[in-house]
1. For the stretch 184-209: of the residues being assigned to a loop (DSSP other than H, G, I, E, B) and open to solvent by 60 Å² or more (accessible area, probe 1.4 Å), which is nearest to Pro256 (Cα to Cα)?
2. Can you report the number of residues in the stretch 242-266 which are closer than 19 Å to Met136 by Cα and not in a strand (DSSP E or B)?
3. So is Gly155 free of Cβ contacts under 8 Å to residues at least 12 places away in the same chain and either assigned to a loop (DSSP other than H, G, I, E, B) or surrounded by 14 or more Cβ atoms within 10 Å (Cβ to Cβ) (or both) or not?
4. Report the residue count in the stretch 86-127 for those that are open to solvent by 10 Å² or more (accessible area, probe 1.4 Å), at pLDDT below 95 and in contact with a Leu (Cβ under 9 Å, 6 or more places away or on another chain).
5. Out of (1) touching a helix residue (DSSP H, G or I) at 6+ places or on another chain (Cβ under 8 Å); (2) open to solvent by 60 Å² or more (accessible area, probe 1.4 Å), the odd one out for Gln257 is which?
6. Among the residues of the stretch 98-146, count how many are β-branched (Val, Ile, Thr) and either in a helix (DSSP H, G or I) or without any contact (Cβ under 8 Å) to a residue 12 or more places away in the chain (or both).
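The values are calculated or read from the model by the stated rules, or taken from the named source; none is laboratory data. Note that the structure is predicted; figures quoted are calculated from it, not measured. Cβ placement follows ideal geometry from the backbone for every residue including glycine, while neighbour counts extend to all protein chains displayed. Each accessible area value is taken on the protein alone, full model and side chains, heavy atoms only, with ligands, DNA and RNA left out. Shrake-Rupley method; radii C 1.70, N 1.55, O 1.52, S 1.80 Å.
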Amino acid sequence: MSLFNFAVRFARTIGLCLAGTLLGSCGTDRVNPAPPEEHIPEVEAPAEASGVRSEDISVLGSVVLERNRPVEGSSDTIIYTPAEEPKKVPVLTNCTPQFQINSATNPFLAGMPNNTTIAYPNSSDRAPRNAPTQVMPTDTACLQAGTALYFKVDGRITFDAQAGQESNADGIGAKVVKHTLGNVNKIAMTTAPINSLIGIFLDAAVPSQKPSMPASLDFGTAEKRNFKTLAPALGQIFFIGDGKDSSGTMQAFVVPQGATRLYVAIMDEYEWNNNVGRFTVTTSWLKP
């Protein structure tokens, strides 16, 4: 081997050893040290907004549910068409302002006098505290027989204060319920998902004084709730939900003959008084 070749090979060996030293190995059994554990800094939770009232508020998951909060900016001149699918429904004109629907509203107290009480095993629901909300139209033509009404609904509620029990106005589809006391005050019970928005048409009479009671309706399956048009009778509790079918098209609810009042409430099976949350509801129609 020439002196030149020896010098080249020696220099190459020294270079590889120096590189191996930096990498933790060069003729040695030493193991490379483990990389340091990843440190994820804790993110400080944002402070509660100063404008939110602390009284009568429950936090369920990431949803803040409030009761009895007035609606600001309510209007009866808004024209509503879903922006995401404008071709699926005609232009609608609001026939009511926005209404707050408290989750503690028992549909079986609709149209009943003050102090009417429905007793349950642990507590009672009483009018007007737990009475459903009467949707008062700004135009009486909205309640003419045969008129098709449409509902715009927002909000979330829960049937108790436990996490995971909240839902939107369609309710919890996996928990379909009936009223444990059955028909009350000549108002026919229904079958529907708990937490869902429901309605009832009445005439001017006190429901409990009616000579007869209509049949109960059943909205226990997704197919039964996926109607295009619904024509409930007086005194029948009917499913409203978010007011749209599975394709996002607004559903039509036909006013029955003799109706003078429309009430909306929340679906539960007993003791509405411990529910939490609210819905915001606007009723619309196709104004000629």
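1. As a first pass, look at the stretch 184-209 and keep what is assigned to a loop (DSSP other than H, G, I, E, B): 185-186, 189, 195-196, 203-206.
Those still in the list that are open to solvent by 60 Å² or more (accessible area, probe 1.4 Å) too: 186, 204.
Values: Lys186: 17, Ala204: 13 Å.
Ranking the qualifying residues of the stretch 184-209, first place goes to Ala204.
2. Counting residues in the stretch 242-266 that are closer than 19 Å to Met136 by Cα and not in a strand (DSSP E or B) gives 7.
3. Answer is no for this residue.
4. Summing the residues that are open to solvent by 10 Å² or more (accessible area, probe 1.4 Å), at pLDDT below 95 and in contact with a Leu (Cβ under 9 Å, 6 or more places away or on another chain) in the stretch 86-127 gives 3.
5. Among (1) touching a helix residue (DSSP H, G or I) at 6+ places or on another chain (Cβ under 8 Å); (2) open to solvent by 60 Å² or more (accessible area, probe 1.4 Å), Gln257 violates only (1).
6. 2
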